[in-house]
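Note sheet for the following structure.
The values are calculated or read from the model by the stated rules, or taken from the named source; none is laboratory data. Computed from a prediction, not measured in an experiment: that's the story for all the values here. Positions of Cβ are backbone-derived with ideal geometry, glycine not excepted, and every protein chain shown enters the neighbour counts.
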Amino acid sequence: MKGLISIYILIPGSSCIQPNEVDMSSPLMYGTPSSRVEGTPRSGVRGTPARQRPDLGSVRKAPQVDLHSEPVAVASEPNAGQRLVIWGTDVNVGTCKEKFQRFLQRFTDPNSTEDENAGLDLNEPLYMQKLEEISVVGDPVLNVNCRHVQSFDAELYRQLICYPQEVIPTFDMAVNELFFERFPDSILEYQIQVRPYNALKTRNMRSLNPEDIDQLITISGMVIRTSQLIPEMQEGFFQCQVCAYSTRVEVDRGRIAEPAVCRNCNNTHSLALVHNRSVFSDKQMIKVQESPEDMPAGQTPHTTVVYAHNDLVDKVQPGDRVNITGIYRAVPMRVNPRQNNVKSVYKTHIDAIHFRKTDEKRLHGLDEEAEQKLFTEDRVQTLKELAAKPDVYERLSSALAPSIYEHEDIKKGILLQLFGGTRKDFSQTGRGNFRAEVNILLCGDPGTSKSQLLQYVYNLVPRGQYTSGKGSSAVGLTAYVMKDPETRQLVLQTGALVLSDNGICCIDEFDKMSDNTRSVLHEVMEQQTLSIAKAGIICQLNARTAVLAAANPVESQWNPKKTTIENIQLPHTLLSRFDLIFLMLDPQDEAYDRRLAHHLVSLYYQSEEQMEEEFLDMAVLKDYIAYARTYISPRLSEEASQALIEAYVDMRKIGSGRGMVSAYPRQLESLIRLAEAHAKVRFSEKVESIDVEEAKRLHREALKQSATDPRTGFVDISILTTGMSATARKRKEEVAQALKKLIQAKGKTPAMKYQQLLDDLRGQSETAITKELFDEALRALADEDYLTVTGKTVRLLA
Amino acid sequence: MIHINITDLWLSNYLCLLDVLAASQNNSNSGWETKAVEFFQDQLKERDTHTLVPSLNDVPLHYLKPNSLVKFRCLIQDMFDPEFYMGVYETVDPSTKTKMLRCGKYKDVTECGVDFNSRNTVTAERQTFYCVPIPGENPWVKEISSSCLTEARVVPSTSYAPSRQKRSYEEDDDMDTQPQKQREPHAGPHSPSEHHGNGDCKRQETEAPSSQTASASHLDLNFPLPGEKGPSCLVKVYEDWDRFKLNDTLEVYGILSVSPALSALADEKDASSSLLDPAESMETAEEQRVHSPPASLVPRLHMLHAKPLPHNNPLLPSIPVLDKESTLTVVILSSTLSEMASVREEILSYFTHVLLGDALAAEYLILHLISNVYSRRDVLPLGKFTLNLSGCPTVASYTERFYQIIQQLVPSSHYLAMSLQNMNQMRLVPKKDYVANRLVSGALQLARNTSLFLDETQLEQGQLDTTGVRNVTALGNLISWQKVDYDFNYHQMEFPCNINVLIASEGRSLLPSDCQIHLQPQVAPSHLEESLSSIHMHPQASSQLNKFRIYLSMARLLDYSISDEVTKSVEDDFVDMRKDDPQSISAEDLHRMLVVARLLSLSLGQTSLSRDSWLRAKHIEMLRRSRMEQHKCVNGNEP
C-alpha cells in the first residue's frame, strides 16, 4: 500500500475511483496492495517493502479538479495503442520508465571529476556500477546527477524538472525492476529510492518565483536553523473498541479521516486511534539562508524553509553550506472553519530530496563544477578577450585599488597574491601539501594608505577576512571552543584564519600583535593548517589562506639607516615566510608629488562614469580572479624550469662572491609560486619564461626594498632569513676576536671588571664599539667556553 | 471608459476602484491594472496632490480609514522574505454557486468562499519591507510637515468624526477645482511661525493618542534608536523591489490595510492550529509576532508608488516626482543661491556665539554639517568630514546644550553619550535574530545624512568589555569607511552608510576623525556659565531658524566640480608645499584640503571651486594646524 500512495495520487479524482476500477495492466498499478502481503520471500521487487516518500508530497496534494468537469486525460498514441499519461502532465509512465532504464544501463561519463565516482570504472555504465554498490552496501539510495540525465535525454530531463512528483516514483519503479532483475538475491531494507540532484533550474534563492512551484529545483544556501525531529503520521491505526477489528487510514492532505463506522460490527464511533501502531515518518524543518556571495549589495538575505524527511533528517547542521535539491511547494494558508475569509498568502517551502554540503572536503571536485555556473558564456568570453590582451597584467594591476596612487609593484604583488600559485599535492611522498598561496607584508610609514589597500583586497575576494593585530588575539585568529547557548554542547568557533581558508586574511597592524598571537601564524604560513587542542577537542583545520599583512615601523617613522627587521621588530622566523615584503615609503620627489596631486584631485571631481572608463570594473576583476583561480592551474614548462633554476643559481652566486648565502630554497619556492600566479593572470596553462622573468623582477624589487643592508648598500637576504645582515655578523666576529686577543694580551688574569674591559677594548679599536656589540662579543666567547660573565665580572675558564 | 469618476474615487478608496474595474473586465485582466496604477502615478506627478494624502507619520492610525490611500515617510529597516499570494482567485457563492473572479493585489485578506482548486488562480509574488519612521527625526521636522499638511488639507487630521468619509469626497472636489491653493505653501519661504501656531494645537491633539498606542504595546517595534515613537509599518511591494535597499528613506504611497482579521489569524494560530498542523507550528512564536503583528499596531501598507527621499527637510521645495536631482539644482539655483553667502554669515556668527566665540571652529562646524558622502571610489568614501571638536568645556552640560542647538537645525540627529555604561551595554550594530527571523536594529542603523553626535566628555575611566570593544570598533569603522558591518551571526555583511559624525571631547578623541579642531573659548572661565546660559536663552526667531535649516540642507544637495585651471593650480600648490617641507603635507592632508575646499565652496553657494576658495581653504587649514601644534606644545603629553 505504501508504494502506491505516491503514484496513486497522480490519478485525477482518485478519491472517486476505487483502485480496482483502474485498468490493472496500467503501469500506474505498480505496487498494488498485494505487495504488502506478508510472508512472501524477502527477495525480488515484490518482497521488499517500499518506503513512503513524503518528500514527494504525498501529504499535500496538488490542486485537483474533479473529473466530471474536465475531459478525461487519456492521450492516445497511435503507434503504441492506448497509452495513459498522468493527468496534467505529458508523462507516460511506460516510456518514462523505459527511458530511465536505458539511461541507467548506458550512461557513461568518461570525464567525471566527481569524488563520488572515485574507484569506479569511468568507461563502464556509471549507474550500473552504483547499483552494484547498493547491492553490496545495502544502502538503498541512488543519487542521480540531473546533468547526466540532461546530456543523455533532454526530454526526460525536462519531464523530471517539470513533474518531479510524477517522474521520480517512475524512476523508483524503473530502478527497482532493474535492480532486482540483476541482483535477485539481494536483500534491502526497503526499495531503492532515486534522489536526483544538481537540477539546473535555479541556483539562487532570490530568483525563485511562482513559476517554480512544484518543480524540481536546486538552490544553494547556508543552514541557519534546524528544528527538532517531528514525527509525522503517515498512516493511522484504528481499532474498534467493541470487536477489536482494526483498520488503517492514510493521511490525506495532512488529515486523517477517522472512520465513523466499524466495518466489522457496524457500531458507530467505536474506533479509537492506537498511537504506537500507527506509522510515522521523521520530519525536520530546516531554515536556509542565501549565501552572502549571492546577495546584491544593500539587501538582506532571504530565507527559505526546507523540510527534510526520513533519513535526510539531521543530515545538516546550522552553519553548513548546502546545495539542496527538492520540490518547491506553495501551500495556501489553512482555511479556518470559523472564518470565511483567509489570508491571501501562500506558505512556501521546499521538500528536500537531496542535500549536498558544499563546504565538505570530499566535495571539492564538484564545488568547482558548481561554480562554473556563476559565469555566463558572455562573461567567460569577455574575460578571455581580456586575458588575450598583451597588457592584461598591467591593466589588472592598475585596476586594483585605483584610488591608491602608484605603488605599481606592490599592486602587482598583490595581484599575484590574489591569483595564487598552483596547488600541488606531495602527500604521497610525505611532504604534504605544498603552499600555493603567496604571503605579502607591507611595511612603511603610517598614513601611506596601507590599511586602504588591505580594505580593498578584503572587499575584493569572496572569502576575505580583515583583522587588526591590535584587536585580535590568538584565539580570534585560530579557533575557540564555546558552549552553545542552545544545545549546551561545546562547539568549535573558527577564527579569522580558518574562515579565510581559500581566501585572503588581511592583518592590519601586524607589529602590534602579541608574540603569542604571532606564533600561531608560523604553522599557518608554511604548513597551511591549524592544530587545535582545546577542551578535549583535538583537530587540525585547514587554513590555506594567503596572508596580507601591514606593519608600521617601531619608531613612528621609517628609519632608512636600519634594516627591515630593526625597523619593524618582527622575528625573522616569521618574516622569512613572506614571499614578498614591500616598503611603502613616501618617495619625496617633485614629479611624483605632481602626479599624486593630479591623481587625488581627479579623484574628487571626476564622475563615476569617467573613472569607469579608465579602469576596469571591480566586478570584472572579481570574476577574472575567480575564473582564473577555478580553471587555470598552470604547470611549469621545461623552458620555465630551466629559467627558474638559473635564477636561483644566480641568486646564490651573488652572495657567494662575498662569502654569504643569498638565497634559500624558500626563495626558489616563492619564485615558482609567483611565476605560476603570473601565468594564471594570462590564463595560460603553462608557465613560460616571461612568467619567470616577471617573478624574478618582482621578487628582486621586493628584496631591494626590504633586504638592502643599510651599512653596505647590498641586497642581503640573510637580513630576512636570520635577522642579521652578513656584514653585521662579520663585524660581530671581528669584535669577538679582538676581545679575545685583548684578554690574551693581559696574561694570567682569571677575572676582570666588565666596565674596564669595555673601556680597554674601546681604546684599542678604531671603530666605535657599542655596549651591545661588546655584549654580543662576550656572548660569542662564552659560547666558545672561553669565559663566563657573572654580574659585573668576567671570568676566564681554564 | 476608466476615467469616469475616478478622480473622486481614487483618493479615498482605491480598492473600490480596483474591484469595480475587476468586475467590469472580468476575464481580460491584463491591462486594467497597470492602467490604474499608471493613472495614479500621473495624478501624483501632475498635481500637488501628494499634499492631500494623509500621512501615517502625523495622523494617528485610528483616524485613518481602512483601505484608503495614505503616505508614510519611512526608512526600510528590514526586508522579509518574498511571499506568494493569490493575484487572481475565484470565489464561489455558497448559496447560488456562482463563480466570480477577484483580484488579490493590494489586499491581505481574501473574500469569502475561495475556490482553492480553481484553474483560474494566478499566483503572484510580492515582497514585504518592515519600515519605521526615519530614526532621529527631529521634532521640528514632524511639526512642520504635519502643519503643512493640515493647512493644505484640513480634513484628514482634524475631522475625526466618523462621518468623515462623505466629507472627504466633498473636500476632494474642492481641491480639484483650485489646485493652486495647495502649491502655495511650497512657493517660497512662507512665514513658518504661522505654520507653527497653526500646527501646534492640532499636533497636541494628534500626538497624544499615538504615543499612547506606542507605550501600550508589549511588542518591540524594533526602532533603531531607543525612545522612538510612531507607527512602524509592513509595506508590501509589488514590483521592482530590487531597486530598494536597506536603510533607504522613502515616501510610500499605498493602501492602508488594518483588517482585524490579520491579527485574529495570528492569534488563532498561536492557540489552536499549531496543534492541528505541525508544519505551521514551525514558525516560532517570536517569528509569528514579528512577521504578523496585530494590524492595529503595525498596519500593512500596499505600495502603489514610492518616492525616494534625498532629504527629509520639509522646508525645502519638494522634489517633483520622478525628476532627477539635476533639475532640483536648477530650481534651487534660481531662487536661493544668491542668498546663501549672506545666510552663511548669519549662521557663522550664530555658531561663533554657540562655540564661545571661536570663529574658526564655527567655520568648521558649518563644513561638517553640510558634508555628505557623494561618491565611493572602491572602498574609499569621498566627501565625508568627521569633525572632532576637542577642548569642550565639561561644565554646565555644555555638550548637551550644544547638541540641542544642532538638533534645532538638522532634520535628523542622534545624541550618543559615550559613557562607559552606554558603550558596554548599547546595541549599536544591527544583528540578525534567527529565532524571530528579523534584523534587530541598532543605533547605527540610521538614514543618510543623519547627524550623529558622540559625546566623549561623558567617558570615564574603566574597562570596556567585549561588547564595548566591538561598539568602539564599529564606531571607528563607521567614521573611517562609512560602513557598518551588520552581524549575521555566521558572517558579517557590510552596509554602506552616510552619517555625519561629530565628536565632542576634552582631549583628542579615541576615535579616528577626518579633522580635529581644538576649541578656544574667547570667554573667560569665570563667565563660562553665564555665557552658556545666554546661548540657551537666546531666542532665535523661528524664521531665522528656518533660514538656517534650508541653508544647511540645500548646501548639501548642490552639485560641484573643479575646472581644469583650478586643478592645475591646486597641483602646483601641492608640489610647492612639498618642496618647501615634505613633512608638512602628506597625501592625506591633500585629501582633507580638497574636501575642505569642496565644502567651503558649497557653503558659499558656489558650485565650482574657485581660486579664492582654494586659498581660503588652505588658509583655514593652516590656522587649524597651527592651533593644533600650539596646543601640542602647551599640552606636551597629548598624543
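Give just the number: which of (1) facing chain A (nearest Cβ under 8 Å); (2) surrounded by fewer than 22 Cβ atoms within 10 Å (Cβ to Cβ); (3) in a loop (DSSP other than H, G, I, E, B) does B:K97 not satisfy?
All conditions pass for B:K97, except number (1).
Would you point out the residue of the range A:614-651, among those that are within 14 Å of chain B (Cβ to nearest Cβ) and assigned to a helix (DSSP H, G or I), that is modelled with the lowest pLDDT? First the steps, then the outcome.
In the first step, residues of the range A:614-651 are kept if they are within 14 Å of chain B (Cβ to nearest Cβ); the result is A:614-622.
Those still in the list that are assigned to a helix (DSSP H, G or I) too: A:614, A:618-622.
Working: A:E614: 51, A:M618: 71, A:A619: 72, A:V620: 76, A:L621: 78, A:K622: 76.
Ranking the qualifying residues of the range A:614-651, first place goes to A:E614.
Are any of the residues in the range A:267-278 touching a strand residue (DSSP E or B) at 6+ places or on another chain (Cβ under 9 Å), under 19 Å from A:K347 (Cβ atoms) and either more than 10 Å from chain B (Cβ to nearest Cβ) or in a loop (DSSP other than H, G, I, E, B) (or both)? Outline the logic, then answer.
Narrowing the range A:267-278 to residues touching a strand residue (DSSP E or B) at 6+ places or on another chain (Cβ under 9 Å): A:267-278.
Now drop any that are not under 19 Å from A:K347 (Cβ atoms), which leaves none.
For the range A:267-278, residues touching a strand residue (DSSP E or B) at 6+ places or on another chain (Cβ under 9 Å), under 19 Å from A:K347 (Cβ atoms) and either more than 10 Å from chain B (Cβ to nearest Cβ) or in a loop (DSSP other than H, G, I, E, B) (or both): absent.
Among the residues of the range B:600-620, are any facing chain A (nearest Cβ under 8 Å), modelled with pLDDT of 80 or more, closer than 16 Å to A:Y604 by Cα and in a helix (DSSP H, G or I)?
no
Mind counting the residues in the range A:753-785 that are outside any helix (DSSP H, G or I), in contact with a Leu (Cβ under 7 Å, 6 or more places away or on another chain) and within 12 Å of A:L742 (Cβ to Cβ)? Lay out the reasoning, then the answer.
We begin by selecting, within the range A:753-785, every residue outside any helix (DSSP H, G or I); these are A:753, A:765-770, A:784-785.
Of the ones still in play, those that are also in contact with a Leu (Cβ under 7 Å, 6 or more places away or on another chain) are A:769, A:785.
If we keep only those that are within 12 Å of A:L742 (Cβ to Cβ) as well, we get A:769.
Qualifying residue count for the region: 1.
For (1) within 14 Å of chain A (Cβ to nearest Cβ); (2) in contact (Cβ under 8 Å) with a residue 12 or more places away in the chain, each residue gets a yes or a no:
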position: B:T352; (1), (2): no, no
position: B:L355; (1), (2): no, yes
position: B:H368; (1), (2): no, yes
position: B:S371; (1), (2): yes, yes
position: B:N388; (1), (2): no, yes
position: B:Q407; (1), (2): no, yes
position: B:L428; (1), (2): no, yes
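Of (1) of a type outside the set (D, E, K, R); (2) assigned to a strand (DSSP E or B); (3) facing another protein chain (nearest Cβ under 8 Å), B:C112 satisfies all except one. Which?
Tallying (1) of a type outside the set (D, E, K, R); (2) assigned to a strand (DSSP E or B); (3) facing another protein chain (nearest Cβ under 8 Å), B:C112 fails exactly one: (2).
List the residue pairs whose Cβ atoms are under 8 Å apart, where the first residue sits in the range B:101-128 and is more than 20 Å from B:D240 (Cα to Cα), the second is assigned to a loop (DSSP other than H, G, I, E, B) and hydrophobic (A, V, I, L, M, F, W, C), and the two are 6 or more positions apart or on different chains.
Listed pairs, sorted by first residue: B:V109/A:V342; B:T110/A:V342; B:V114/A:V335; B:V114/A:V342; B:F116/A:V335; B:N117/A:V65; B:R119/A:V65.
Identify, by number, the condition in (1) part of a helix (DSSP H, G or I); (2) over 30 Å from B:Y85 (Cα atoms); (3) within 28 Å of the chain's Cα centre (by Cα); (4) among the hydrophobic types (A, V, I, L, M, F, W, C) that A:I161 doesn't meet.
Result: A:I161 passes all but (2).
Do any strands (runs of 3 or more DSSP E) entirely within the range B:447-531 hold 3 or more residues that are in the same structural domain as B:Y374 (by TED's automatic domain parsing) and at pLDDT below 85, and if so, which? I'd like the intermediate steps shown before the answer.
Values: elements: B:450-455, B:483-487, B:492-496, B:499-504, B:515-518.
Strands (runs of 3 or more DSSP E) meeting the threshold: B:492-496.
Can you tell me which residue in the range B:574-589 is nearest to the other protein chains (Cβ to nearest Cβ), limited to those that are modelled with pLDDT of 80 or more and within 23 Å of B:K384 (Cβ to Cβ)? Don't jump to the end; show me each part of the working.
Within the range B:574-589, the first condition is being modelled with pLDDT of 80 or more, and the residues that meet it are B:574-577, B:589.
Filter once more, keeping what is within 23 Å of B:K384 (Cβ to Cβ): B:574, B:589.
Values: B:F574: 4, B:D589: 9 Å.
The extreme case among them is B:F574.
Conditions first: (1) in contact (Cβ under 8 Å) with a residue 24 or more places away in the chain; (2) out of contact with any strand residue (DSSP E or B) (no Cβ under 7 Å at 6 or more places or on another chain); (3) away from chain A (no Cβ under 14 Å). B:A436 passes all but one, so which condition is the exception?
Going through (1) in contact (Cβ under 8 Å) with a residue 24 or more places away in the chain; (2) out of contact with any strand residue (DSSP E or B) (no Cβ under 7 Å at 6 or more places or on another chain); (3) away from chain A (no Cβ under 14 Å) one by one, B:A436 breaks only (3).
Would you check if there is a residue in the range A:334-346 being over 17 Å from the mean Cα position of the chain (by Cα), polar (S, T, N, Q) and either in a strand (DSSP E or B) or modelled with pLDDT of 75 or more (or both)? It would help to see each step written out before you state the result.
Here is the first cut: in the range A:334-346, the ones over 17 Å from the mean Cα position of the chain (by Cα) are A:334-346.
Pick out the ones that are also polar (S, T, N, Q) and you get A:336, A:339-341, A:344.
If we keep only those that are either in a strand (DSSP E or B) or modelled with pLDDT of 75 or more (or both) too, we end up with none.
No, that holds for no residue.
Read through the list (1) of a type outside the set (K, R); (2) in contact with a helix residue (DSSP H, G or I) (Cβ under 6 Å, 6 or more places away or on another chain); (3) in a strand (DSSP E or B), then give the number of the only condition that A:Q284 fails.
Against the list (1) of a type outside the set (K, R); (2) in contact with a helix residue (DSSP H, G or I) (Cβ under 6 Å, 6 or more places away or on another chain); (3) in a strand (DSSP E or B), A:Q284 comes up short only on (2).
Please work out which one of (1) in contact (Cβ under 8 Å) with a residue 40 or more places away in the chain; (2) under 25 Å from B:D81 (Cβ atoms); (3) not hydroxyl-bearing (S, T, Y) is the condition B:N471 fails and give its number.
(2) is the only condition that B:N471 fails.
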